[in-house]
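Colleague: Shown below is the structure under consideration.
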Amino acid sequence: MKFYFASRFKKKNELLRLRDSLEKEKHKVISSWIDAPSLKPYSDNKKKCSLMAKKIESEIKKCDVFVLLSDKSGTDMFVELGIAAALKKKIYIIGKHNQRSLMHFHPLFKHVDSVEKLFEMLHINI
């Protein structure tokens, strides 16, 4: 399966560990932003941000499963969530903030308490 993970940049290390675990089980994580440096301040990196935004959109189109690691704040991950919803992807929102907005209750979205529970649901042993 191809996974796309959306989250806050501060969870990058957690996502790198998840990617390693999934790839050991022959799955693919296609969220290239995990390997990219921070582009802040965005206004000083307009061209790079534009290219990354298009790349992210392309990766979401290619994923089998879209996973949002919830947080009490954040911005870009919700745009990514909107792209995934428009494409009618399999969408899982993980964590204690997985019901923090009206749109989190869209019928396409499944709420899961943890990544471990998600992998259990998907029959992935990591």
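Colleague: Tell me the relative contact order for the chain as a rounded percent, counting alpha carbon contacts under 8 Å between residues six or more apart. Don't jump to the answer; show the numbers that get you there.
Modeller: Numbers: 168 pairs, mean separation 33.0, N = 126.
For the chain, the relative contact order is 26 percent.
Colleague: Where only protein heavy atoms count, and the probe is 1.4 Å, what is the accessible area per residue for the range 1-104 in Å²?
Modeller: 59
Colleague: Would you calculate, for the chain, the mean residue ellipticity at 222 nm contributed by helices, counting each DSSP H stretch of 4 or more residues as -39,500 (n - 2.57) and dividing by all residues, to the nearest 500?
Modeller: My calculation for the chain gives -12000 deg cm²/dmol from helical runs alone.
Colleague: Considering only C-alpha atoms, what is the centroid distance from the range 17-49 to the range 79-107, in Å?
Modeller: Result: 19 Å between the Cα centres.
Colleague: Here is a further query. Using +1 at the C-beta of Lys and Arg and -1 at the C-beta of Asp and Glu, which of L118, S38, H97 has the Cα lying farthest in the positive direction of the dipole of the chain?
Modeller: S38
Colleague: Output the Cα-based Rg and Dmax of the chain in Å, rounding Rg to one decimal and Dmax to a whole number.
Modeller: 14.0, 43
Colleague: Write down the percent of antiparallel bridges among all DSSP beta bridges whose residues are both part of the chain, to the nearest 5.
Modeller: Here the share of antiparallel DSSP bridges comes out near 0 percent.
Colleague: Convert each backbone phi in the range 93-99 into a coupling constant with the Karplus relation 6.51 cos²θ - 1.76 cosθ + 1.60 (shift: θ = phi - 60°), then list the ³J(HN,Hα) values in order as whole Hz, x for Gly and Pro.
Modeller: Running phi through 6.51 cos²θ - 1.76 cosθ + 1.60 with θ = phi - 60° gives 10, 9, x, 6, 9, 7, 9 Hz.
Colleague: Something else: Which residues among the range 26-42 fall inside the zone where the amide N is under 16 Å from a point 7 Å beyond the Cα of K12, along Cα→Cβ?
Modeller: It comes to 31-42, nothing else.
Colleague: While we're on this one: I want to check the label-to-label distance for S38 and E23. Put each point 7 Å from Cα in the C-beta direction and report it in nm to one decimal.
Modeller: 2.4
Colleague: Distance in nm between label sites at K88 and L51, each 7 Å beyond Cα in the beta-carbon direction?
Modeller: 3.5
Colleague: Another one. Residue-wise, which Karplus ³J(HN,Hα) couplings in Hz belong to the range 100-108, taking 6.51 cos²θ - 1.76 cosθ + 1.60, θ = phi - 60°, and x for glycine or proline?
Modeller: Listing the rounded values in order: 8, 9, 3, 5, 5, 9, 4, x, 6 Hz.
Colleague: Let me ask another. Pull up all non-local amide H partners of A6: gap of 5 or more, or a different chain, and H-to-H distance under 5 Å with H placed in the peptide plane.
Modeller: V67, L68, L69
Colleague: Which percent of the accessible heavy-atom area of the chain goes to carbon and sulfur, probe 1.4 angstrom?
Modeller: 54
Colleague: Which of the trypsin sites (Lys or Arg not before Pro) across the range 17-97 are loop residues per DSSP, with 11 or fewer other Cβ within 10 Å?
Modeller: Within the range 17-97, the qualifying trypsin sites (Lys or Arg not before Pro) (loop, at most 11 other Cβ atoms within 10 Å) are K26, K72, K88, K96.
Colleague: Right, here's the next one. Students often forget the sequence filter, so: which lysines lie under 21 Å Cα-Cα from K47 once same-chain residues fewer than 8 apart are removed?
Modeller: K55
Colleague: Which far-off residues, 5 or more places away or on another chain, put their amide H under 5 Å from the one on K90, with H placed in the peptide plane?
Modeller: F66
Colleague: Go through the range 109-114 residue by residue and turn each phi into a ³J(HN,Hα) via Karplus (6.51, -1.76, 1.60, θ = phi - 60°); whole Hz please, and just put x for glycine and proline.
Modeller: Values, residue by residue: 8, 10, 9, 9, 6, 8 Hz.
Colleague: Take every Cα pair under 8 Å in the range 14-88 that's 6+ residues apart, average their separations, divide by the length, and report that relative contact order as a whole percent.
Modeller: 23
The values are calculated or read from the model by the stated rules, or taken from the named source; none is laboratory data. Just so you know, these numbers come straight off a predicted model, no measurement behind them. Cβ atoms come from the backbone with ideal geometry, glycine included; neighbour counts cover every protein chain shown. Remember, those area values only see protein heavy atoms, side chains included, never the ligands or the DNA or RNA. Shrake-Rupley method; radii C 1.70, N 1.55, O 1.52, S 1.80 Å.
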